[in-house]
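**Student:** Please read through the structure below; I'll follow up with questions.
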Amino acid sequence: MPSFSVIIPVYNRPDEIGEVLESLSRLEYTDFEVIVVDDGSTLPCADVVRSFSGRLTLSYIRQNNAGPGAARNTGAAKAASPWYIFFDSDCLIPNGYFGPVNLRLAQGSVDAWGGPDRAHASFTPVQKAINYAMTSFLTTGGIRGSKRKLDRFYPRSFNMGVSRKAFEACGGFSGMRFGEDLDLSMRLSARGFVSVLIPGAFVYHKRRTRFSQFFKQVFNSGIARIHLYKRHPHSLKVVHFLPSGFLIYLVLALPGVWFATWLAVPLAAYILLLALHALYLTASPATALLSVIASCVQLTAYGGGFLGAFVKRVVFDQTEYTAFLRNFYK
């Protein structure tokens, strides 16, 4: 029996699944199995996965498209170990990942964990900029996997470990298309299971390659935050309203700049702060500029999805929904 079961759902990303499997095959620590669940892709990756059969303890499962949560549940049902680790297919796993994990598990009192994400040197400038927007404490990134988080830390499924016992007790992932990882983390917490952040257990997370894809992803994240609120009323915090405040400011204040230039001062100061902080972290003027764009895309997209869902679900009490589902990868 392996110590860990690494479960990776994939949809239409044959190249990226090859990259994450390559990174796993190079790890010095080898006491794990890998389960790849193809969630009804129109670009199957079976041949790519099978090419690693001699280098990894590997299983490949293909199912009809049912969403990432359902795909992870399928992988968990196949898993043989007492610990599940969920990675996204667009991640690269560094060689030292399992060291901090095993050290923390040896200390006890943990049922689930999460780790941060970083940008790899090989990522494109846009990917590095999106990584900045998703991890910086100057945006909403402070809630993801940082000690400077703006809210309680909940593991997220791009880099999430959970015991079989806790996973089965909570019934696995729900049918939510977005926010399903936070939903599971919140249910784990509600049942008294202990989730921790392991800062050293980071992954390199590619995410989207274009700002249009990034916009769709974050817009759905804004919608998901309201869906999570309907399921977990305690989960909604003041910090979650900030992107909507940014969007409202843009809509209401910027048209008046022609008549009162001082209205642009807050935005100019914020953009300068973003640029300087991104330049400090990336040491690249081009990436810093793109990071400003990515941050503004993130805040406006999240704020728009959040506001729309608030009106539909809180004001008019409609059911859960998702935007851009059919053309999400375009």
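The values are calculated or read from the model by the stated rules, or taken from the named source; none is laboratory data. Keep in mind that this is a model prediction, so the values were computed, not measured. Methodologically, a virtual Cβ is constructed for each residue, glycine included, from the backbone with ideal geometry; neighbour enumeration extends over all protein chains shown. Only protein heavy atoms, including side chains, enter the accessible area calculation; ligands, DNA and RNA are left aside. Shrake-Rupley method; radii C 1.70, N 1.55, O 1.52, S 1.80 Å.
**Student:** Residues in the range 1-35 that are acidic (Asp, Glu), farther than 17 Å from residue 161 by Cβ and without any contact (Cβ under 8 Å) to a residue 60 or more places away in the chain: how many?
**Tutor:** 2
**Student:** In the set 225, 208, 191, which member is of a type outside the set (Asp, Glu), free of Cβ contacts under 8 Å to residues at least 40 places away in the same chain and touching a helix residue (DSSP H, G or I) at 6+ places or on another chain (Cβ under 8 Å)?
**Tutor:** 191
**Student:** Now, a different point. Restricting to the range 271-309, count the residues that are within 21 Å of residue 239 (Cβ to Cβ) and open to solvent by 40 Å² or more (accessible area, probe 1.4 Å).
**Tutor:** 3
**Student:** Assuming residue 209 fulfils every condition listed in (1) open to solvent by 60 Å² or more (accessible area, probe 1.4 Å); (2) over 20 Å from the mean Cα position of the chain (by Cα); (3) of a type outside the set (Lys, Arg) apart from one, which condition is it?
**Tutor:** (2)
**Student:** Can you find even one residue in the range 37-58 that is open to solvent by 30 Å² or more (accessible area, probe 1.4 Å), under 25 Å from residue 178 (Cβ atoms), out of contact with any Pro (no Cβ under 7 Å at 6 or more places or on another chain) and charged (D, E, K, R)?
**Tutor:** Scanning the range 37-58, I find no residue that is open to solvent by 30 Å² or more (accessible area, probe 1.4 Å), under 25 Å from residue 178 (Cβ atoms), out of contact with any Pro (no Cβ under 7 Å at 6 or more places or on another chain) and charged (D, E, K, R), so the answer is no.
**Student:** Here are some conditions: (1) open to solvent by 10 Å² or more (accessible area, probe 1.4 Å); (2) closer than 25 Å to residue 39 by Cβ. Residue 186 meets all but one. Which one does it not meet?
**Tutor:** (1)
**Student:** Taking the condition of a type outside the set (Phe, Trp, Tyr) and either open to solvent by less than 10 Å² (accessible area, probe 1.4 Å) or within 21 Å of residue 316 (Cβ to Cβ) (or both), does residue 237 pass?
**Tutor:** For residue 237, the condition - of a type outside the set (Phe, Trp, Tyr) and either open to solvent by less than 10 Å² (accessible area, probe 1.4 Å) or within 21 Å of residue 316 (Cβ to Cβ) (or both) - is not met.
**Student:** Cβ-Cβ below 9 Å, separation at least six or inter-chain, first residue in the range 36-49 and of a type in the set (D, E, K, R), second open to solvent by 20 Å² or more (accessible area, probe 1.4 Å) and part of a strand (DSSP E or B): which pairs?
**Tutor:** 38/60; 38/61; 38/62; 38/63; 39/62; 39/63
Residue-wise test of (1) closer than 18 Å to residue 11 by Cα; (2) basic (Lys, Arg).
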| position | (1), (2) |
| --- | --- |
| 45 | yes, no |
| 60 | yes, no |
| 78 | no, yes |
| 82 | no, no |
| 90 | yes, no |
| 101 | no, no |
| 111 | no, no |
| 116 | no, no |
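**Student:** Tell me yes or no: at least one residue of the range 142-164 is assigned to a helix (DSSP H, G or I) and modelled with pLDDT under 95.
**Tutor:** yes
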